[in-house]
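A.B. asks: Please see the structure below; I have some questions.
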Amino acid sequence: STAPEEDPEPAEEKMKVALYINGNLGDKSFFDSAKVGLDAAVAEHGIEVKIVEGGSDDTKWQPGLLDLADGDYDIIVVGTWQMETNVQEAAELYPDTKFIIFDTTVPFEDGKNSNVYSIQYKQNEGSYIAGYLAAKMTKTGVIGGVGGMNIPVINDFFVGYIEGAKLANPDIKVAISYIDSFVDSAKGKELALAQFNSNKADIIFQVAGNAGMGVLEAAAEAGFYGIGVDSDQAALLAEAGNTATANVIPTSVLKDVGASLKRAIDLALEDKVPWGTNETLGFEAESVGIAKNQWYETMVSAELRAELETIEADIRSGKIVVGSAMGMSTEDLDAIKASVQP
Amino acid sequence: MQEIVKMVDILKVYPNGIVANQKVNFSIVEGEIHALVGENGAGKSTLMKILFGIEQPTEGSIVLNGQEVKFANPQEAIKHGIGMVHQHFMLVPSLTVAENVVLGDEPKKAGGLLDIQKAIADTAEIAKRYHFEIDPKAKVEDCSVGTKQKIEILKALFHGAKVLILDEPTAVLTPQETSELFKELMLLKDKGHTIVFISHKLNEVKEITDRITIMRAGKDVGTYDTDKVSKEDISNLMVGREIVWDLDKSKAEPKDVAVQVAQVTLVNEHKRKLLDDVNFSIRRGEILGVVGVEGNGQRELVDVLTGLQQASLGTITINGENIQRYSIRKIRDLGLSHIPEDRMTLGVAEYASIEENLMSIYFDKPEFLNGPFLKLKQINAWAKEKVVDYRVKTGSEKTPVKMLSGGNIQKVVVAREFSNNPKVIIADQPTRGIDVGAAQFIHKKLIELRDKGCAVLLVSADLTEVMDLSDSLLVFYNGKIVAYFEDASVLTETELGLYMLGLKAQSEAEIRRCVYA
Amino acid sequence: MINLLTPEFLFTVIRVTTPILLAAMAAVICNKAGVVNIALEGIMLTSALTGVLVSGFTQNIWLGALGGIAGGVFIAFLLAYFALYLKTDIILGGIALNLLTVGGTVFVMFAITGDKGATNSVRSLQFPSVNIPFIQDIPVVGQMLSGHNLLTYLAIMMVFLVYFLLYKTTFGLRLRAVGENPDAASSVGIDVKRVQLYALLLSGVIASFGGMYMSMAYLKVFTTNMVAGRGYIALAAAAMGQANPVGTSIASLLFGFMESLGYQLQSRGIPSQFINMVPYISTIIGLVLYAQYRQRQIAKKKNQKIQEEVKA
Amino acid sequence: MLKQWLKKQSVDSKFETLRFSVAIIIALLVAFGLILLVSKEPFEALRHLFLGPISKFRKIGNVVETAIPLTFLGLSVSVMFSANQFNMGSSGALFMGGTVAAIVGLTMPLPTGIHPLVALLFAGVVGGLITSIPAIIKLKWNASELVSSLMLNFVALNLGLYLIMNHFRDPDAGTLASFKFPETALLPTLIKGTRIHFGIFIVIFMVIVIWLFLAKTKWGYALRMTGMNMNFAKYSGISTAAVILYSQFIGGFLAGMGGAVEVLGMYDRFRWQMMPTYAFDGVIVAVLGKQNPIFVPVAAILLAYIRVGADTMSVNSDVSYEMISIIQGFIIIMIAANAFLKHYRQKMVVKEATSHD
Ligand SMILES: Nc1ncnc2c1ncn2[C@@H]1O[C@H](COP(=O)(O)OP(=O)(O)OP(=O)(O)O)[C@@H](O)[C@H]1O
Ligand SMILES: Nc1ncnc2c1ncn2[C@@H]1O[C@H](COP(=O)(O)OP(=O)(O)OP(=O)(O)O)[C@@H](O)[C@H]1O
Ligand SMILES: [Mg+2]
Ligand SMILES: [Mg+2]
């Protein structure tokens, strides 16, 4: 694949992949991670990748996706439940194009959507471990969680978090707040400070994309712990030079969209993608987990780390089954939150 | 004498395409009072706005003391010693007199701080020098119209005006205020100021000015020594046709009472009594004049009669119906018409067309409606007719009222209010600031309606107008009626003035005569 | 339940109020000059970014502040130029500029840092927090009033500065005249457009501090669209306070109080949607109560006189 | 031909055409300059920006479907601004309108044809009630409708979210979304290969109704007079209180109905989690359309065209998403610049005015 560009007919065609983002880059987690995964595939395999941001107006997503499908891409990658019907429509209109959809699935029964492959994640399992960790590390018996919005994907994290915390300490209190925005980082900071000051929560888990930066900053400033989400946020912050904030993040709950997409592209190059099926990735595919980095090593005691390893093993083996907010009614969810409310 | 300002071949085309000045030549000599007269829309204000730098001429030049100048804005004109008092006040209501006077050239302390003490002192000083009685610390919004006029002149003087342009300064003044103003103008003249005086009142022009320039339809038709031309000459030159002067008015034959005002009192939020136990009647077939120095309750009287304000106490009955708590609409339905004092804020919507302005009190009459839909064709035909009947000078009835000159706007208002077969007319300054021809036309219409049995209340600051037109007359002072004259024709201006200034008052019993049962 | 009168809570209120107060003071100046500055949001966002970038690259907080101001003033200038000289409807111009800055800041951030979400990789500087001698030693009051960010104290000072500017300087006099009766101002030779231009630029400076507070004090990074509607709230505060500096700061404080109260209530299980409404509903109620109070005062005065009359 | 046509036009419309074209050209040049800075294939990008919206049938459909809610919002703002009521509540009314349409869609079993109409009516009424609150507050206490409506938008947003969240949320949906609407409630798609839906008839109908209302009915007349000079309207006996109320009710009604049309036409369930991004565009459309119901759809299509072009450009070229909002903002501000080329206009006027003598 080192053929000069002016070569009219390259010996072997490069694979062309497009990633359609139904939102914007810069969220430090979900979409950014997808981009990281595809960038890695470019670096390794020299494929061609085009990334398109669709913005937050959801009526624009369908035309955007169809525009891409009109192009000569081999594979089009999209994410989130909101794109589900759009992908089905495009897959039907463009049977020769392959589609990968992540963080949700499409119906596959009766051979439907045979050119689609879907990937889902067990984020609740990662946050289950984080919840256990938090409940063990707190000195006040109160931990916190700040979410971007009160929506199922976010709540899926919290359900795991609460269950894990309860395992560590049945009397644990968990304060949950929502910013109702993924951009208002100042509000994220205030909500975290409010949990710290008035609920006495001393370790707070953020699931709020960009606005979550405010939560982590509050932790560094007021002197409590913050748990990151999606990517290894301590490492990212330290890399950017913000060690003060990195130093209050014992771990992050990983939901490695990038790794799962990189894996899918690897498979595609070998023609091994199970088109027409869904895969739900968890620990085994290294797509979900917690960050075990230098901060984890120093802030979390060896004893607790060992306990966490056991729990992880139990989840892998199916001994522990973590509840999920997906498909849970609002009342049931509220009941879970109320049971631990400080 | 030396020619101080010379305007040569001034052409002015407004952005809407109206040619307001067509090659106008105009010159004034130092130390004179120079009148500029002409019908509404003749282009007087435009010419003066050009001299003051508010508008720029499309063509032509201005020569000041022998040197050609160009004024891009008023600031430059002010620097060259030109000052202008606009017909409509250019004051900031929430600021004090002193602040208004010094605005634009404020005394400063170190660091750009406003030296308010010096501003007050300067204002007091200049007022004293020119014999103006004024409180520099008063808020302008609390000042009477006469005072506002003085503030405007003080402003110009403060900014160092040698040439002072006064655009219809007397339109809102009482005779006493006018003569006071004239004294001041003479004083200014003696001190070496040059004055341009615009007015529609030819008596005043004759009284005070040295020379007259007459304009017609955007052109100048000549400059004359004032004492060499008669009033009749002037107005003929202005309109380009003969004007018949006498008002053809028969004696009134008052019939039954149409409007009964009983014990009406109005209090404002500053707890002042603007109307104080007012009682009187207006009878069908008479014109009842109301005079008073501005701010003595006439405006409020009109407001409570027309429903713009609710009286605090007392009752008003129109055609036997008590109008307390009636909406304006309901009052109008009783047959009341109203020519408002301020045509621009009440009388018209300036961005709307003539037609739309004409129909504002008719649009939901059954003859113009088809269900909820307006019969636009009928309305248009009707509006066309009114434009012709009332001689509104315009290209089309679809022209926005904003494009008309003041006099023509007034005709639109009058046309609307008089076409209603009114039973009661409240005419508040019906001819303020409009030219002789138009004023005469309105006067005739008023008399015509009176003769048809209409009850007319005429409020005017123009004493000649009230005395010529009214059958009987009320004088207001301090919110009260202080005099009633059953026969207005026997009165003199001087006598009226005494009552208006509160120097004289009739007895309770004499006043009571204005209440008919 | 919650003890609202803790010093911590009141400290929070002041912190939450600061950016709104700064922007509201900018709005006051514009309102008084008769121009509506909807672009406050965009001004804040731009200055929040340029402040971070300049301070990061120069490692000098004062240059950073200048950079922030320059960014905000640039947007204010665009608004002024289009609205005053090219006669673009000023509300539409403001909306368009807000639209433009949301994308523009991300564009610039990406061009410089390669990141679309936050400026983490820029080692920007922050405005310091300040302990106030003497006051900090007073038990409760010290906890509440001392230790705030420098810009918070600037915001408080700004209320007095704006008051002083409007009512004690010649520029203020002209500005009020221009806002109330532009014809009158121009008839005495005041260049109305220029005064309005200065008012807009000045509002750009003041609102820039609000923007920099977001990214260089409140938080230590710029994040995409981080102003999140605070510019609009400032406009509301200025309208509620009748463009009077003191009334406007009370309105801003009310908003900050309600917002902070919401933060406290959230973690107590009340649905966030309800809590989110509180500040807005209370602003409306505040608006109504104030207007009602004014009306009553007027009516009462009128009535008193009439009562006296009837007795007499 | 063109020359003859131009001659017939008045100075004003001639000038307007000229100003508009030059403004667009300048905006294009600036856009081109910016694109040149960031793109390796600027002409390709420009082609997508300006021809993208008409490059395919489907794309024309995108322009139309985008213009539908923009027209509703533009009409809504136009009616309120015509009465000189600066109510910014259209976006809140739009959101609640969408919510109410969803609730009616989900809870009322009604036959096809009737079902969406009922939903639209309810949505309109609720939207109207929302924008009436600032009107009532203004009438009773004389408090600014601008402020209270801005605040109410946030209240409407949160109220709508609360209702969906707690009563109509589909737990099986991966995000906050209501249950699927029954087939009977949807506004059907009209043209295959596009998403142009039945809402287009509704919007055309409403444009005509509002035009008739403003230009031809007594209520519209009263509304316009109140907007142009409230004192004059009062003095003429027009009930300005009624005008203040009904102008804002109608404004909200239109926005609410627009929300319903959008939700039932473009979606199969309620999926808004935040204020839709175009919720504030009503002011842009109304101002560009000079508050005239006939021009409003034109302005909406213009805006929709710019947006679809920008989206096409971002998908098909290397110009990033952010660049688009910069270009868009600039085009809007440039088109709205009224005094631009003022001197030229004055010359035209003088020529015209003096040529008759
Ligand atoms: N700013 C303007 N824009 C357009 N037309 C104008 C403007 N000002 C004046 N005109 C028009 O120019 C003409 C001359 O107006 P001007 O004000 O000079 O008349 P005038 O002699 O002062 O009349 P009046 O006695 O009513 O004051 C009128 O037809 C008027 O409608
Ligand atoms: N911007 C404008 N556009 C169009 N016409 C205007 C404009 N400004 C003023 N005019 C018209 O120009 C005329 C002269 O303006 P001016 O301010 O002198 O009013 P006016 O002359 O005082 O009226 P009058 O003297 O009859 O009371 C007015 O009749 C008005 O209709
Ligand atoms: Mg005039
Ligand atoms: Mg005049």
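A.B. asks: Looking at this structure, is residue A:43 assigned to a strand (DSSP E or B) and modelled with pLDDT of 90 or more?
C.D. replies: So residue A:43 fails the test.
One line per residue, one yes/no per condition, for (1) modelled with pLDDT of 95 or more; (2) within 14 Å of chain C (Cβ to nearest Cβ); (3) crowded, with 19+ Cβ neighbours inside 10 Å:
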residue	(1), (2), (3)
B:253	no, no, no
B:263	no, yes, no
B:272	no, yes, no
B:288	yes, no, yes
B:293	no, no, yes
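A.B. asks: Can you tell me which residue is nearest to the other protein chains (Cβ to nearest Cβ) among those in region D:130-162 that are among the hydrophobic types (A, V, I, L, M, F, W, C) and in contact with a Ser or Thr (Cβ under 6 Å, 6 or more places away or on another chain)?
C.D. replies: D:151
A.B. asks: Would a scan of region C:113-131 turn up a residue that is assigned to a helix (DSSP H, G or I), among the β-branched types (Val, Ile, Thr) and within 14 Å of chain A (Cβ to nearest Cβ)?
C.D. replies: yes
A.B. asks: For residues in region B:361-376 being under 19 Å from residue D:232 (Cα atoms) and not hydrophobic (A, V, I, L, M, F, W, C), which is surrounded by the fewest Cβ atoms within 10 Å (Cβ to Cβ)?
C.D. replies: B:365
A.B. asks: What is the residue count in region B:157-197 for residues that are away from ligand 1 (no atom under 16 Å from the Cβ), farther than 22 Å from residue B:75 by Cα and of a type in the set (S, T, N, Q)?
C.D. replies: So the count comes out to 4.
A.B. asks: Okay, moving on. From the list B:179, B:144, which one is away from every other protein chain (no Cβ under 13 Å), away from ligand 3 (no atom under 16 Å from the Cβ), in contact (Cβ under 8 Å) with a residue 24 or more places away in the chain and among the hydroxyl-bearing types (Ser, Thr, Tyr)?
C.D. replies: B:144
A.B. asks: While we're looking at this one, here's another question. Pick out the one residue from B:354, B:379, B:426 that is more than 25 Å from residue B:256 (Cβ to Cβ), surrounded by 24 or more Cβ atoms within 10 Å (Cβ to Cβ) and of a type outside the set (D, E, K, R).
C.D. replies: Being more than 25 Å from residue B:256 (Cβ to Cβ), surrounded by 24 or more Cβ atoms within 10 Å (Cβ to Cβ) and of a type outside the set (D, E, K, R) holds for just one of B:354, B:379, B:426, which is B:354.
A.B. asks: Scan region D:192-229 for residues that are at pLDDT below 95, more than 7 Å from every other protein chain (Cβ to nearest Cβ) and over 23 Å from the mean Cα position of the chain (by Cα) and jot them down.
C.D. replies: Scanning region D:192-229 gives D:192, D:193.
A.B. asks: Only one of (1) closer than 17 Å to residue A:337 by Cα; (2) crowded, with 24+ Cβ neighbours inside 10 Å; (3) touching a helix residue (DSSP H, G or I) at 6+ places or on another chain (Cβ under 6 Å) is not met by residue A:186, so which one is it?
C.D. replies: Result: residue A:186 fails condition (1) only.
One line per residue, one yes/no per condition, for (1) at the interface with chain C (Cβ under 9 Å from one of its Cβ atoms); (2) modelled with pLDDT of 90 or more; (3) in a loop (DSSP other than H, G, I, E, B); (4) away from ligand 3 (no atom under 16 Å from the Cβ):
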position	(1), (2), (3), (4)
B:88	yes, no, yes, no
B:92	yes, yes, yes, yes
B:104	yes, no, yes, yes
B:123	no, yes, no, yes
B:127	no, no, no, yes
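A.B. asks: Please determine, by comparing only the residues of region B:33-89 that are within 16 Å of ligand 1 (Cβ to nearest atom) and farther than 25 Å from residue B:17 by Cβ, which one is farthest from the chain's Cα centre (by Cα).
C.D. replies: Residue satisfying both the conditions and the ranking: B:34.
A.B. asks: Would region B:354-366 turn up any residue that is within 16 Å of ligand 1 (Cβ to nearest atom), in contact (Cβ under 8 Å) with a residue 40 or more places away in the chain and over 30 Å from residue B:468 (Cβ atoms)?
C.D. replies: no
A.B. asks: Under 7 Å by Cβ, and 6 or more places apart or on different chains, what pairs join a residue from region B:85-112 that is within 21 Å of residue B:342 (Cβ to Cβ) and assigned by TED's automatic domain parsing to the domain that holds residue B:137 with one that is within 16 Å of ligand 1 (Cβ to nearest atom) and of a type in the set (A, V, I, L, M)?
C.D. replies: So the pair list comes out as B:85/B:165; B:85/B:166; B:87/B:171.
A.B. asks: A follow-up question, please. Could you tell me which residue of region B:393-413 is farthest from the chain's Cα centre (by Cα), considering only residues that are part of a helix (DSSP H, G or I) and away from ligand 3 (no atom under 16 Å from the Cβ)?
C.D. replies: Result: B:412.
A.B. asks: Quick one: how many residues across region B:191-212 are within 16 Å of ligand 2 (Cβ to nearest atom), closer than 14 Å to residue B:26 by Cβ and in contact with a Gly (Cβ under 9 Å, 6 or more places away or on another chain)?
C.D. replies: 1
A.B. asks: Looking at region C:122-145 only, could you name the residues that are of a type in the set (Gly, Ala, Ser) and crowded, with 19+ Cβ neighbours inside 10 Å?
C.D. replies: C:124
A.B. asks: Across region B:434-463, which residue is nearest to ligand 4 (Cβ to nearest atom) among those that are outside any helix (DSSP H, G or I) and surrounded by fewer than 21 Cβ atoms within 10 Å (Cβ to Cβ)?
C.D. replies: The extreme case among them is B:452.
A.B. asks: Of all the residues that make up region C:180-195, how many are in a helix (DSSP H, G or I) and buried (at least 23 other Cβ atoms within 10 Å of the Cβ)?
C.D. replies: 4
A.B. asks: Any idea how many residues of region C:158-177 are among the small types (Gly, Ala, Ser) and under 21 Å from residue C:209 (Cβ atoms)?
C.D. replies: Within region C:158-177, residues that are among the small types (Gly, Ala, Ser) and under 21 Å from residue C:209 (Cβ atoms) number 1.
A.B. asks: One residue is enough: does region B:168-178 have a residue meeting the conditions at negative phi, more than 16 Å from ligand 2 (Cβ to nearest atom) and more than 17 Å from the chain's Cα centre (by Cα)?
C.D. replies: no
A.B. asks: Separate question: For the structure I just gave you, tell me whether residue B:168 is surrounded by 22 or more Cβ atoms within 10 Å (Cβ to Cβ) and not aromatic (Phe, Trp, Tyr).
C.D. replies: no
A.B. asks: Is it fair to say residue C:290 is of a type in the set (Phe, Trp, Tyr), surrounded by 17 or more Cβ atoms within 10 Å (Cβ to Cβ), at negative phi and within 14 Å of chain A (Cβ to nearest Cβ)?
C.D. replies: Considered against the rule, which asks whether it is of a type in the set (Phe, Trp, Tyr), surrounded by 17 or more Cβ atoms within 10 Å (Cβ to Cβ), at negative phi and within 14 Å of chain A (Cβ to nearest Cβ), residue C:290 comes out as no.
A.B. asks: Determine the pairs where a residue that is away from chain C (no Cβ under 14 Å), located within region A:167-178, has a partner that is part of a helix (DSSP H, G or I) and hydroxyl-bearing (Ser, Thr, Tyr) with Cβ atoms under 6 Å apart, the partner being 6 or more residues away or on another chain.
C.D. replies: Here the result reads A:167/A:132; A:168/A:132, each pair linking region A:167-178 to a residue that is part of a helix (DSSP H, G or I) and hydroxyl-bearing (Ser, Thr, Tyr).
A.B. asks: Continuing with the same structure: Please state which one of C:206, C:233 is more than 14 Å from chain B (Cβ to nearest Cβ), closer than 14 Å to residue C:32 by Cβ and crowded, with 23+ Cβ neighbours inside 10 Å.
C.D. replies: Exactly one of C:206, C:233 is more than 14 Å from chain B (Cβ to nearest Cβ), closer than 14 Å to residue C:32 by Cβ and crowded, with 23+ Cβ neighbours inside 10 Å, namely C:206.
A.B. asks: So, of the residues in region B:40-74 that are within 12 Å of ligand 2 (Cβ to nearest atom), in contact with a strand residue (DSSP E or B) (Cβ under 7 Å, 6 or more places away or on another chain) and more than 14 Å from chain C (Cβ to nearest Cβ), which turns out to be nearest to residue C:183 (Cα to Cα)?
C.D. replies: B:46
The values are calculated or read from the model by the stated rules, or taken from the named source; none is laboratory data. Quick caveat, the model's predicted, so the values are computed rather than measured. So basically every Cβ, Gly included, is an ideal-geometry build from the backbone, and we count neighbours across all protein chains shown.
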